[in-house]
There are 2 protein chains.
Amino acid sequence: MPHREPHGRRKPPQKGAKPYQLKGRVWVDGPEGTFLGYGRIVLMERIKEHGSITKAAKSMDMSYRHAWELVDSMNQQAPEPFIITSTGGKKGGGTVVTKEGEKVIIKFWRTQDALRRFLEKEGIKYEFTESGK
Amino acid sequence: MPHREPHGRRKPPQKGAKPYQLKGRVWVDGPEGTFLGYGRIVLMERIKEHGSITKAAKSMDMSYRHAWELVDSMNQQAPEPFIITSTGGKKGGGTVVTKEGEKVIIKFWRTQDALRRFLEKEGIKYEFTESGK
């Protein structure tokens, strides 16, 4: 089962790329299962950018239904909502990322950065040579 | 999509368990896709224990075919084979983990240990309180 990039086929190995690479992913489990992960954080960023779940979902090639479920799952599990949708008003409402949501986006990218550094450091162990040493 | 344990249903939250937990997994990609991962390493350990792919697979509730494919994938990508099967002979052959295979098992468990420490350290960021701070 090769690992595949989201929404795409596996990239062919690049010239000069190391033949063996330590990979990893992190996520946060909450009271009801997955709470935060790469896709959920990107979705929040897109909602912030577009002010709309529909547009955010479209920009990620994701169904509105799926995007809404992810937002609902985060809001249900978060101590305070990360995303708020208002209806009506002069501008016809909109969706915003709360201060708590913005904080968690920053936290998660810091963790991703730390993971990248971890994988680089630990990955040295897996630079096998042809002699297998 | 809640994360599920392999071969089982999600465990209910334990009493006193933290409501939010940073989780992670690591694997090694090789020239042809996934090369090493948790399941593959456990499989190698079981082969070492049982001296047989069939028995190792059975002990993990895995089909022989799947186990064989994982072994083949590792051997094809490794600089030197990790698992060798001999046929015939007085004892009717058997399957052994090579010295290179044993080395990689140790490496991978060290990486898993390092990952556990990483997640504990980074996970502190996600101890949300009711006030969301």
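Structure notes:
- Applying the condition of being modelled with pLDDT under 95 and among the basic types (Lys, Arg) to segment A:84-104 and asking which residue is surrounded by the most Cβ atoms within 10 Å (Cβ to Cβ) yields A:LYS91.
- Filter result (of a type in the set (S, T, N, Q) and over 14 Å from A:GLU100 (Cβ atoms)) within segment A:48-75: A:SER52, A:THR54, A:SER59, A:SER63, A:SER73
- Checked against the criterion of being buried (at least 21 other Cβ atoms within 10 Å of the Cβ), within 14 Å of chain A (Cβ to nearest Cβ) and in contact with a Leu (Cβ under 6 Å, 6 or more places away or on another chain), segment B:76-83 contains not a single residue that satisfies it.
- Residues that are among the β-branched types (Val, Ile, Thr), touching a residue at least 24 places away in the same chain (Cβ under 8 Å) and more than 27 Å from A:LYS18 (Cα to Cα), drawn from segment B:32-78: B:ILE47, B:ILE53
- When segment B:17-66 is filtered for residues that are within 13 Å of another protein chain (Cβ to nearest Cβ), closer than 25 Å to B:ARG117 by Cβ and of a type in the set (D, E, K, R), the ones remaining, listed by number, are B:LYS18, B:LYS23, B:ARG25, B:ASP29, B:ARG40.
- Restricting A:LYS125, A:LYS103 to those that are under 17 Å from the mean Cα position of the chain (by Cα) and among the basic types (Lys, Arg) reduces the list to A:LYS103.
- Count - residues of segment A:57-76 that are out of contact with any strand residue (DSSP E or B) (no Cβ under 8 Å at 6 or more places or on another chain) and assigned to a helix (DSSP H, G or I): 12
The values are calculated or read from the model by the stated rules, or taken from the named source; none is laboratory data. This one's a predicted model, so the numbers in the text were calculated from it and none came from an experiment. Neighbour counts are summed over all protein chains in view; Cβ atoms, including those assigned to glycine, are modelled from backbone coordinates with ideal geometry.
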